[in-house]
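Below: the structure, in structure tokens.
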Amino acid sequence: MPTLDDVAGRYDLTPDDLARLLAGEPAFRVRQVWDGLYRRVADPADLTDLPAALRARLATEPELAPSLHPELESVSDAGDTVKWLWSLHDGTRVETVLMHYRDGRSTVCVSTQAGCAMACGFCATGQAGFERNLSTGEIVEQVARAIRTARPRRVSNVVFMGMGEPLANYDRVWEAVRRLHDDVGISARHLTISTVGIVPGIRRLAGEDLPVNLAVSLHAADDTLRDELVPINRRYPLAALVAACHDYLDAKGRRLSFEWALIDGVNDRPADARRLAALARPLGAHVNLIPLNPTPGYLTRGTPPERVRAFRETLTGLGVNATVRRNRGTDIDAACGQLRASATVASPVTLRQAD
Ligand code: SAH
């Protein structure tokens, strides 16, 4: 019996499950349907290379039903960001964000849990608390839906940076990584896992055979401030986190990045930049700066642009590469830290009700 966390939607099936569904059909049909779902990212009903009768049967097969039911689909004013609010089989809601870039490529940001237990005070998902883990299929299907929507653009990157803490749902997230890599064909360097800093999870990742990118949401470079902003720091303090980052780097040789939400008057002082540089430089880590998006439970402003620039210049002056990230999708509550299904149901900027 599937548990609440492991619902058998179309991307939760194993090849054996599919073989069981296709019992009585020629053996090659299993590979054909598998490739249809993963390589071609098609709906079973659209697999026109299957005999019509089989296709009709698969289209009504409950185990091949989609797991994600669109409640809302919003497009930003600039048209470059799409956000979905999905409802799942048990009524839980999660969000996915698709971002198009000028060079023609697109990135999808997926949720890994409904809600989050990490309780970072500035993050809307953290404010709402934890509901449940997403299944592997619920994670993979977010990417599949984005790939289909983006066409003819290509979704080149997947970032595990939506709702939830990926390393607190390790097994299902890693299985999703495997499917995206092995079956959809996305290379490891185009997959990024973002973590609040779960040290045992980072160590496990370091032992995996796929060198995915690791992003660590740092936000503070001293334990007193980080304990306050990111409560899990009390369990895994900076020294342990940074040691795990060094081990990841040694094991994988991938560029590490630190995420830093710049909060007005809280973590944007020159001394903060210097402390951050002292941690980032020995790791060769890239720093992504993003002015904080105010959320209902944490109204402090993001750092204003001129001080964002000054912070960045302090870092670069100390030999650390830093990029200021644009706040995308703010108008549709799709920006970093704003994903919170319950708050977006009545979003006034919804452009169209999904069917
Ligand atoms: N739990 C994971 C992934 C989800 S959060 C993690 O912590 O990395 C994705 C990113 O958005 C993190 O870097 C997080 O710190 C950041 N974030 C959360 N709330 C934010 C806010 N209000 N403004 C800007 N960034 C925020």
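The values are calculated or read from the model by the stated rules, or taken from the named source; none is laboratory data. Not measured: the values here are computed from a predicted model. In this analysis, Cβ positions are derived from the backbone assuming ideal geometry, glycine residues included, and neighbour counts consider all displayed protein chains. Only protein heavy atoms, including side chains, enter the accessible area calculation; ligands, DNA and RNA are left aside. Shrake-Rupley method; radii C 1.70, N 1.55, O 1.52, S 1.80 Å.
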- [ ] Check region 30-47 and report whether any residue there is open to solvent by 40 Å² or more (accessible area, probe 1.4 Å), at pLDDT 95 or above and in contact with a His (Cβ under 9 Å, 6 or more places away or on another chain).
- [x] no
Task: Leading residue by the ranking (nearest to Val287 (Cα to Cα)) among those in region 247-262 that are open to solvent by less than 50 Å² (accessible area, probe 1.4 Å) and touching a helix residue (DSSP H, G or I) at 6+ places or on another chain (Cβ under 8 Å) - done: Phe258
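If I filter region 194-231 down to residues being among the charged types (D, E, K, R) and within 21 Å of the chain's Cα centre (by Cα), which single residue comes out as farthest from the ligand (Cβ to nearest atom)?
Of region 194-231, the ones among the charged types (D, E, K, R) are 203-204, 208-209, 222-223, 226-228.
So of that shortlist, the ones also within 21 Å of the chain's Cα centre (by Cα) come out as 203-204, 208-209.
Values: Arg203: 17, Arg204: 16, Glu208: 18, Asp209: 23 Å.
That would be Asp209.
State which residue is nearest to Ser111 (Cα to Cα) when the search covers only region 57-73 and only residues that are surrounded by 12 or more Cβ atoms within 10 Å (Cβ to Cβ) and without any contact (Cβ under 8 Å) to a residue 24 or more places away in the chain. Walk me through how you get there before you give the answer.
Going through region 57-73, the residues surrounded by 12 or more Cβ atoms within 10 Å (Cβ to Cβ) turn out to be 57-59, 61, 63-73.
Those still in the list that are without any contact (Cβ under 8 Å) to a residue 24 or more places away in the chain too: 57, 59, 69.
Values: Arg57: 31, Ala59: 26, His69: 15 Å.
Among residues in region 57-73 that are surrounded by 12 or more Cβ atoms within 10 Å (Cβ to Cβ) and without any contact (Cβ under 8 Å) to a residue 24 or more places away in the chain, the one nearest to Ser111 (Cα to Cα) is His69.
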- [ ] Identify, by number, the condition in (1) without any contact (Cβ under 8 Å) to a residue 60 or more places away in the chain; (2) open to solvent by less than 10 Å² (accessible area, probe 1.4 Å); (3) out of contact with any Asp or Glu (no Cβ under 7 Å at 6 or more places or on another chain) that Asn233 doesn't meet.
- [x] (3)
Task: Residue tally, condition closer than 21 Å to Val242 by Cβ and not in a helix (DSSP H, G or I), over region 180-201 - done: 7
Open item on the list: For the structure I just gave you, tell me whether Arg172 is within 15 Å of the ligand (Cβ to nearest atom), assigned by TED's automatic domain parsing to the domain that holds Arg132, open to solvent by less than 60 Å² (accessible area, probe 1.4 Å) and at pLDDT 95 or above.
Closed with: yes
Task: Where a residue in region 196-214 is at positive phi and its partner, wherever it lies, is assigned to a loop (DSSP other than H, G, I, E, B) and open to solvent by 10 Å² or more (accessible area, probe 1.4 Å), with Cβ under 9 Å and at least six apart - done: Gly197/Tyr236
TODO: Could you tell me which numbered condition Trp260 fails, if it satisfies all but one of (1) more than 10 Å from the ligand (Cβ to nearest atom); (2) without any contact (Cβ under 8 Å) to a residue 60 or more places away in the chain?
DONE: (1)
Task: Of the criteria (1) within 17 Å of Ala221 (Cα to Cα); (2) open to solvent by 10 Å² or more (accessible area, probe 1.4 Å), which one Pro294 fails - done: (1)
TODO: Identify, by number, the condition in (1) modelled with pLDDT of 95 or more; (2) over 19 Å from Ala65 (Cα atoms); (3) in contact with a Ser or Thr (Cβ under 7 Å, 6 or more places away or on another chain) that Ala146 doesn't meet.
DONE: (2)
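Among the listed residues Val158, Val177, Val140, which satisfies the condition of being outside any loop (DSSP other than H, G, I, E, B), assigned by TED's automatic domain parsing to the domain that holds His246, within 14 Å of the ligand (Cβ to nearest atom) and buried (at least 23 other Cβ atoms within 10 Å of the Cβ)? Step through it out loud before you land on a result.
Numbers: Val177 fails: within 14 Å of the ligand (Cβ to nearest atom); Val140 fails: within 14 Å of the ligand (Cβ to nearest atom).
Criteria check complete, one pass: Val158.
Conditions tested, residue by residue: (1) within 13 Å of the ligand (Cβ to nearest atom); (2) within 21 Å of Arg328 (Cα to Cα); (3) in contact with a strand residue (DSSP E or B) (Cβ under 8 Å, 6 or more places away or on another chain).
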residue	(1), (2), (3)
Lys83	no, yes, yes
Trp86	no, yes, yes
Gly91	no, no, no
Val97	yes, yes, yes
Asp103	no, yes, no
Ser111	yes, yes, yes
Met118	yes, no, no
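Return yes or no: is Ala188 surrounded by 24 or more Cβ atoms within 10 Å (Cβ to Cβ) and more than 13 Å from the ligand (Cβ to nearest atom)? Steps first, please.
Working: surrounded by 24 or more Cβ atoms within 10 Å (Cβ to Cβ): no; more than 13 Å from the ligand (Cβ to nearest atom): yes.
For Ala188, the condition - surrounded by 24 or more Cβ atoms within 10 Å (Cβ to Cβ) and more than 13 Å from the ligand (Cβ to nearest atom) - is not met.
Quick check on my filter: what residues within region 195-226 are of a type in the set (S, T, N, Q) and buried (at least 22 other Cβ atoms within 10 Å of the Cβ)? So that I can check it myself, show each step before the final result.
Initially, region 195-226 is screened for residues of a type in the set (S, T, N, Q), giving 195, 213, 217, 224.
Those that are of a type in the set (S, T, N, Q) and buried (at least 22 other Cβ atoms within 10 Å of the Cβ): Thr195, Ser217.
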TODO: Only one of these is more than 18 Å from the chain's Cα centre (by Cα), within 19 Å of Arg20 (Cβ to Cβ), in a loop (DSSP other than H, G, I, E, B) and aliphatic (A, V, I, L, M): Leu50, Leu54, Leu58. Name it.
DONE: Leu50
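With the structure loaded, tell me whether Gly91 is over 30 Å from the mean Cα position of the chain (by Cα) and either among the polar types (S, T, N, Q) or open to solvent by 40 Å² or more (accessible area, probe 1.4 Å) (or both) or whether it fails that test.
On the way: over 30 Å from the mean Cα position of the chain (by Cα): no; either among the polar types (S, T, N, Q) or open to solvent by 40 Å² or more (accessible area, probe 1.4 Å) (or both): yes.
Taking the combined requirement at face value, the residue does not satisfy it.
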